[in-house]
Amino acid sequence: ARSRKPIHRHNVSGDPIGDNGSRDMHTPGSSSERPAAHPSTGTGSRWAALLGVEPRESVPVAWALLYFFTLLCGYYIVRPMRDEMGIAGGVENLQWLFTGTFVTMLAAVPLFGWVTSRYPRERFLPLVYYFFIANLLIFFALFSSSITHAYIARAFFIWASVYNLFIVSVFWSFMVDTFTPHQAKRLFGLIAAGGTAGAITGPVLTSTLAVSLGPTNLLLVSAFFLCVSVVCVHRLIAWQGRAREAGSVPETPRPRDPPIGGSVLAGFRLVARSPYLIGICVLMLLLTTLATFLYFQQAEIIRDSFSDSAERTAVFGAIDLAVNLLTLTLQIFLTSRIIAKLGLGWTLAAIPILLAAGFLALAIAPVLGVLLVVQVVRRAGNYAIMRPARETLYSVLSQEEKYKAKNFIDTVVYRGGDAVSAWVYAGLASGLGLGLAAIALVAAPLAVLWAGLAHRLGREREAKARWTDDELTSEVTR
């Protein structure tokens, strides 16, 4: 008789389990084939210990790091083109581009739902990236031609905004489906650091190659990095397949993942019937509202502080550099430790609390220096701490929720919040005549509300994770 594969679970030393569709991180191969563990020695082992990576996790983490690096490197190569086309139209018109992005997202999400319903994960993940590679080539052809209509520039701004959210959302969906909840808390900060390194490298490549290659040709460089991301997707899927066949995951081995199933609007329905997912939606709306308020205040203060376009560009570049360097430092050395020390609830609440204090400071002194400090702390804190912690909220959900519900929240809800908050800000500024200080006072209580909700969702996620662990423990001892 064939022996049953054991169901792996966390033991007291923190060994990972597979739960709720997540993948266990044991190295492919049966336990009898694995060599005996040796004490960790050498520089590599010390670095692995410092970064919180166990030896059996090194291969998938390395591919995930390269995946996120190339993904964001490619995006940040084209981002300066998007920002230039947006700001050149005037700060007073930004809400129209935000609205156009939201409308485009409404059309794109059902299409994504159709693809995930029809194709297995190992096919639809590369399909998403192949689609955007084709888009980059189309814009390259348009910008290389004699067509210079303003509508193409506006279309590129909207496309780039949709592109950014979709590729990052799909990436994190894949990550929460690859790593267990226990590993997510340890590894997501490090994996996010790969994206930050790409976010630093992309602008450097842009400034280095823009003159020699020309801005339009940079679209081909971006497409190349996106092709490398597709290779990483294939390698991670192949690694998971080998681990599954070796019995390292608690499910019946199968050669291919089936389609996730559900209709094209399943993401909306999954959210509508889950109080937990509705809470994440409200969390996202508060996040985007406050980020948009601060973005508009940044545009106004920098516009009024510098009359020269080159000076404004230099300031924006300095902000990006400071944000990315601080983010990288936090992600590599502190993110996982902050989550472990504070717990998920307080980790999620930390940045909103700091932002509430920042808005109060802007209400007292709405000047450039205060704005720069608040914006750098908010963005770095969001990328390094809030984003990795927020992604772990999805790790206790089903596979369909991880892809469809999460994608709906990360795209439609996110961009919907952008569009609505942009018009709200315009109404406060133009309709009611509120200045920067008064709008900052309006934003501060919203940040406090955001902090309270974030703390509650973090505690609820921990309760779900404990319930899943207890359920698996009961099955093992049954």
If amide H atoms are modeled at 1.01 Å from N in the peptide plane, then the residues at a separation of 5 or more from residue 180, or on another chain, having amide H under 5 Å from its own are 23
For the range 357-473, average projected area of the Cα convex hull in nm² = 8.6 nm²
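Working out 0.36 nm times the residue gap between residue 273 and residue 442, then minus their Cα-Cα distance, what length gain in nm do you get to one decimal? Working shown, then result.
Numbers: separation 169, 0.36 × 169 = 60.84 nm, distance 3.14 nm.
Contour length minus the Cα-Cα distance gives 57.7 nm.
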Would you kindly state how much longer the chain becomes between residue 463 and residue 122 on full extension, computed as 0.36 nm times their sequence separation minus their alpha carbon distance, in nm to one decimal?
-> 119.7 nm
Estimated distance in nm for a label pair at residue 357 and residue 373, the labels positioned 7 Å out from Cα along Cα-to-Cβ = 1.0 nm
Taking a cut-off of 17 Å between Cα atoms, list the lysines near residue 185, but don't count ones fewer than 8 places away on the same chain.
-> 341, 402, 464
Can you give the accessible area of residue 118, probe radius 1.4 Å, in Å² rounded to 10?
-> 140 Å²
Contour minus end-to-end for residue 365 and residue 398, with contour as 0.36 nm per residue of separation and end-to-end as the Cα-Cα distance?
-> 7.2 nm
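Considering only protein heavy atoms, with the full assembly of protein chains and a 1.4 angstrom probe, order 96, 114 by accessible area, largest first. Don't skip to the end; give the middle numbers.
Working: 96 160, 114 110 Å².
Accessible-area ranking of 96, 114, largest first: 96, 114.
The values are calculated or read from the model by the stated rules, or taken from the named source; none is laboratory data. Predicted model only: the values in this text are computed from it and were never measured. Methodologically, a virtual Cβ is constructed for each residue, glycine included, from the backbone with ideal geometry; neighbour enumeration extends over all protein chains shown. Just so you know, the surface numbers come from the protein's heavy atoms only, side chains and all, with ligands and any DNA or RNA stripped out. Shrake-Rupley method; radii C 1.70, N 1.55, O 1.52, S 1.80 Å.
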